[in-house]
1. Which residues does the label zone of R167 cover in region 105-142, counting backbone N under 14 Å from a point 7 Å along Cα→Cβ?
2. Relative contact order for region 237-345: what is it in percent, counting Cα pairs under 8 Å that are at least 6 residues apart?
3. With a cut-off of 8 Å between alpha carbons and a minimum separation of six or more residues, what is the relative contact order of region 239-296 in percent?
4. How do the peptides 470-477, 207-214 rank, highest first, by the average count of neighbouring beta carbon atoms within 10 Å per residue?
5. What is the local net charge at M337, summed over the other residues whose Cβ is closer than 11 Å to its Cβ (Lys, Arg +1; Asp, Glu -1)?
6. Apply 1/(1 + (r/R0)^6) to the Cβ-Cβ distance of A462 and N276, taking R0 = 45 Å, and write down the FRET efficiency to the nearest 0.05.
7. So how much slack lies between Y264 and T331, counting 0.36 nm per residue of separation and subtracting their Cα-Cα distance, in nm?
8. HN-Hα J couplings of region 470-487 from phi, Karplus 6.51/-1.76/1.60, θ = phi - 60°, integer Hz, Gly and Pro as x?
Amino acid sequence: ARGDWPCRRHWKAACGIVDIHRMPYLTKLILFLFCLMVLADSGKPRRRRGTGQLAMPQPSHLSKKTLDVTKMRKAEAQPLLRVDDHDFTMRPAFGGPAIPVGVDVQVESLDSISEVDMDFTMTLYLRHYWKDERLSFPSTSNKSMTFDGRLVKKIWVPDVFFVHSKRSFTHDTTTENIMLRVFPDGHVLYSMRITVTAMCNMDFSHFPLDSQTCSLELESYAYTDEDLMLYWKNGDESLKTDEKISLSQFLIQKFHTTSRLAFYSSTGWYNRLYINFTLRRHIFFFLLQTYFPATLMVMLSWVSFWIDRRAVPARVSLGITTVLTMSTIITGVNASMPRVSYIKAVDIYLWVSFVFVFLSVLEYAAVNYLTTVQERKERKLREKFPCVCGMLPSRTMMLDGSYSESEANSLAGYPRSHILTEEERQDKIVVHLALSNESNSSRKKGLLKGQMGLRIFQNTHAIDKYSRLIFPASYIFFNLIYWSVFS
């Protein structure tokens, strides 16, 4: 109510309450400054009576929280490694003697060996050891500091590379596989995990009964032996391998290290380190895939020696099949090998086997030709001279066996009186052939050796009989020589 307003004003004055809105502006400013001074004085620590210690204000129980140290601003700490105070583009002790850099390697795996590309792929841990006094720092506990690959870009590290490498990379899963460890006296350990594919000069003259020696070569790219001395840190103990390393086609026989100097005409002498390893090829795979099938094809070609010479389709198809199969085996082996200009051990075996198969085909061609010539001569003689009984015993020839269809047809034109009955030729068939004087004179002039050869060719069964012995014996003799030389 408006009527009550004077009463309320007198009541505020009586109670000592000051109406700020009615105060002058200068009075308001003085009152505000006074309040700020009171608040500032209340926040200062006070000394406890009798102890002289500062009494810190206790936080209210309503606002008790754990302080987050990571969100508190700290003063900048002085770095232990004074990287920005030195020029790390130059090697340690620049202008002085060569800096020694020790190297050791731990081979993690041999991933693959390629005969076609003549290279190998290896995964390894490469470690460098050297001393750089610019990285020394004070330490009471003499403990080292370990860093990742980010510090490597700011300091000097050896520029070691792989000679004759085709591809190489540093693993970066899940982070870059680089470790840098710095000791208080300035010694540095630099380690990284690398996969490298390098060239390997292979000799396939004894393939697949061969052994290959490959080398992985390490060398400084820019620093000669006057600036950087690269050496194996612990000699042969500097190279360590995993016991579980194995390859499908090779047996790892030996790992060892060597070192020597390499000379370049334009730049000078460089220290070069070698990781040498010897591989022995497993022969069992090639026995199953190459040697055993080739041997079976040669033995299969010998089956034709036991087939009747008149079964032309059987013997020809068998010979052609074995020849084509040997050609396929040779092509498959050469497809997985580099195109070298010298003969390999497997080539000798396969081509000799191919020759044996091909000779078996030629053998039947000779037998079939001689059989045809012999039958043609006998047919002509029968047509010219009819069968006559009562000839001299010296002019009579006894032939055992049976006649072919062509031979039987050649007697169809003879008179029935001249043809023997079935009962008379149950045991033997006597054919009286009249031989001309020219053939008699030619036989008399032949020597004993010529007569033996003539009998062999006249009886075509003899060629197959001799082939049954000569071919297997020759092939067995070849195998004895081959495996004694190359194994």
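1. The answer is 111-114, 117-123, whose backbone nitrogens lie closer than 14 Å to the label point.
2. The value is 19 percent.
3. Normalised by residue count, the contact order of region 239-296 is 34 percent.
4. 207-214, 470-477
5. Every neighbour counted, the sum reads 0.
6. Using R0 = 45 Å, I get an efficiency of 0.15.
7. Extending this stretch completely gives an extra 19.8 nm.
8. 5, 5, x, 5, 5, 5, 5, 4, 4, 5, 4, 5, 4, 6, 6, 7, 9, 7
The values are calculated or read from the model by the stated rules, or taken from the named source; none is laboratory data. All of these numbers come straight from a predicted model, not from anything done at the bench. Note that each Cβ is placed from the backbone with ideal geometry, even for glycine, and that neighbours are counted across all protein chains shown. We work out accessible area using only protein heavy atoms, side chains counted, and drop any ligands, DNA or RNA first. Shrake-Rupley method; radii C 1.70, N 1.55, O 1.52, S 1.80 Å.
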